[in-house]
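Asks: Mind looking over this structure? Questions follow.
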Amino acid sequence: MSFIEHLVPIFGIIFTFGIPGLIIFWAIYTKHRERMRLIEKGVTPEEARKYFNVTERRYRNNYSALKFGIILLFLGMGIFLANILSEVYNFGDGVLIGLVILFVGAAYLIYYAIVSRATKISSGNTTVSEKN
């Protein structure tokens with residue numbers, strides 16, 4: 001065995017455990033440095049807790065399961081059709097990959113159409129109930 005073949009497992013272990021360790025260390029160090037700067041500025045612990053606990057409300061997508069369901073359905077259909085076409089007509093890999101991407105794009109468009117229609121209907125119902 002050559003010298004390089006002995007280094008492969010060593011580098012594998014270093015990259016497997018070392019890089020995640022560095023990422024965790026960097027996150028802890030950054031958090032500590034941020035807290036030290038707050039202490040230097042004279043921020044009380046209550047103010048700091050309030051500052052870090054205030055989170056902006058992000059939009060929650062109620063249709064995420066629908067999105068992933070439609071995408072996976074069309075992805076499966078695209079792969080299935082690509083396999084059939086490759087067996088029957090001997091299409092190249094580029095055509096098959098393009099077909100799968102086409103199906104995923106169609107899935108996103110269908111998802112957009114469903115969600116935009118559903119949000120228009122739900123926003124329309126709230127305005128009608130507010131008028132009464």
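Where a number appears in this text, it was derived from the coordinates with a stated rule and is not lab data. Since the model is a prediction, treat every value here as computed from it, not as a measurement. We place every Cβ from the backbone using ideal geometry, glycine too, and count neighbours over all the protein chains shown.
Asks: Over the chain, what is the mean sequence separation of C-alpha contacts under 8 Å (at least six apart), divided by residue count, expressed as relative contact order in percent? Write out the running numbers ahead of the final one.
Replies: Numbers: 36 pairs, mean separation 26.4, N = 132.
Over the chain, the number comes to 20 percent.
Asks: Provide the per-residue ³J(HN,Hα) series for region 79-92, in order, calculated from phi with Karplus coefficients 6.51, -1.76, 1.60 and θ = phi - 60°, each as a whole number of Hz, with x at glycine and proline positions.
Replies: Karplus values, whole Hz, x for Gly and Pro: 5, 4, 5, 5, 5, 5, 5, 5, 6, 7, 10, 6, 5, x.
Asks: On the principal axes of its Cα set, how long, how wide and how thick is the chain? Give whole Å, largest value first.
Replies: 82, 67, 17
Asks: Around Leu99, with a cut-off of 15 angstrom between Cβ atoms, what is the net charge of the other residues, counting Lys and Arg +1 and Asp and Glu -1? Present the calculation step by step, with values, prior to reporting the outcome.
Replies: Numbers: positive: none; negative: Glu87, Asp93.
Around Leu99, the charge tally is -2.
Asks: Please turn the phi angles of region 28-44 into ³J(HN,Hα) values with the Karplus equation 6.51 cos²θ - 1.76 cosθ + 1.60 (θ = phi - 60°), one per residue in order, whole Hz, x for glycine and proline.
Replies: 5, 5, 5, 5, 5, 5, 5, 5, 5, 5, 5, 5, 4, 7, x, 7, 6
Asks: Lysine pairs in the chain 8 or more apart or on different chains: how many have alpha carbons under 19 angstrom apart?
Replies: Details: Lys31/Lys41; Lys31/Lys50; Lys41/Lys50; Lys67/Lys120; Lys120/Lys131.
Lysine pairs meeting both conditions in the chain amount to 5.
Asks: Checking the a/c ratio against 1.5 first, then a/b against b/c, what shape does the Cα gyration tensor give for region 3-53?
Replies: Taking the square roots of the gyration eigenvalues as a ≥ b ≥ c, region 3-53 is prolate.
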